[in-house]
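Report on the structure given below.
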Amino acid sequence: MRDYEQVVALWRAAGLSLSLSDDEPGIEHRLQRDAELFIVAESGGRAVGAVMGCYDGRRGWVNHLAVAPGQQRNGIGTMLMAELEARFRALGCVKVNLLISPGNGGVQPFYDAIGYTRDDLIFMEKVLRPAD
């Protein structure tokens, strides 16, 4: 949580869309479950890359991979993904999924280059608000 503000600023600078669960309590909850899958790359004491992974016992999920705009194409994203995949393997995970927002489609060649393939699915969601 000490990097929360820097990581959120990084996500925004990289053009990621943040959701309701990306607020401080949401990230704190995520860290209680999969802290070892939340990886922050730093340079000079500043966050220059981050990825938030989660493992549901069946599939690994990649959320919010971002590299600071001035640091992109320097291998940071590849390094973060390689480390996350190694941590997934250590947990016994055999398949990793990720979603790309339509507005962020320009990142697809990056994922293609590191071995991910497109799967045409219909994504659905429902926001569950806490009971009052």
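The values are calculated or read from the model by the stated rules, or taken from the named source; none is laboratory data. What you are looking at is a predicted structure, and each value in this text was computed from that prediction instead of being measured. Neighbour counts run over all protein chains shown; Cβ positions are idealised from the backbone, glycine included. Heavy atoms of the whole protein, side chains included, go into the accessibility calculation; ligands, DNA and RNA do not. Shrake-Rupley method; radii C 1.70, N 1.55, O 1.52, S 1.80 Å.
If the condition is being under 18 Å from Y116 (Cα atoms) and either of a type outside the set (D, E, K, R) or buried (at least 22 other Cβ atoms within 10 Å of the Cβ) (or both), then region 49-72 contributes V51, M52, G53, C54, Y55, G60, W61, V62, N63, H64, L65, A66. Does E28 qualify as being assigned to a helix (DSSP H, G or I), touching a helix residue (DSSP H, G or I) at 6+ places or on another chain (Cβ under 9 Å), acidic (D, E) and surrounded by 12 or more Cβ atoms within 10 Å (Cβ to Cβ)? Taking the combined requirement at face value, the residue does not satisfy it.
Condition check ((1) touching a strand residue (DSSP E or B) at 6+ places or on another chain (Cβ under 7 Å); (2) within 17 Å of L16 (Cα to Cα)) across all residues:
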| residue | (1), (2) |
| --- | --- |
| G45 | no, no |
| V48 | yes, yes |
| V51 | yes, yes |
| R59 | yes, no |
| Q72 | no, yes |
| L80 | yes, yes |
| A86 | no, no |
| L91 | yes, no |
| V94 | no, no |
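In region 2-25, the qualifying residues are those that are in a helix (DSSP H, G or I) and of a type in the set (A, V, I, L, M), and the one that is farthest from V67 (Cα to Cα) is L20.
If only residues of region 103-132 that are of a type in the set (A, V, I, L, M) and part of a helix (DSSP H, G or I) are counted, the one that is most open to solvent (accessible area, probe 1.4 Å) is A113.
Consider region 89-99 and keep the residues that are under 26 Å from I122 (Cβ atoms) and out of contact with any Lys or Arg (no Cβ under 9 Å at 6 or more places or on another chain). The one that is surrounded by the most Cβ atoms within 10 Å (Cβ to Cβ) is L98. Among all positions in region 73-81, there is no residue which is part of a loop (DSSP other than H, G, I, E, B), under 25 Å from E125 (Cβ atoms) and open to solvent by 60 Å² or more (accessible area, probe 1.4 Å).
Listed by first and then second residue, the pairs with beta-carbon distance under 7 Å, at least 6 apart or on different chains, first residue in region 51-67 and within 16 Å of L10 (Cα to Cα), second β-branched (V, I, T), are V51/I39; V51/V62; H64/V51; L65/V51; V67/V48; V67/I76.
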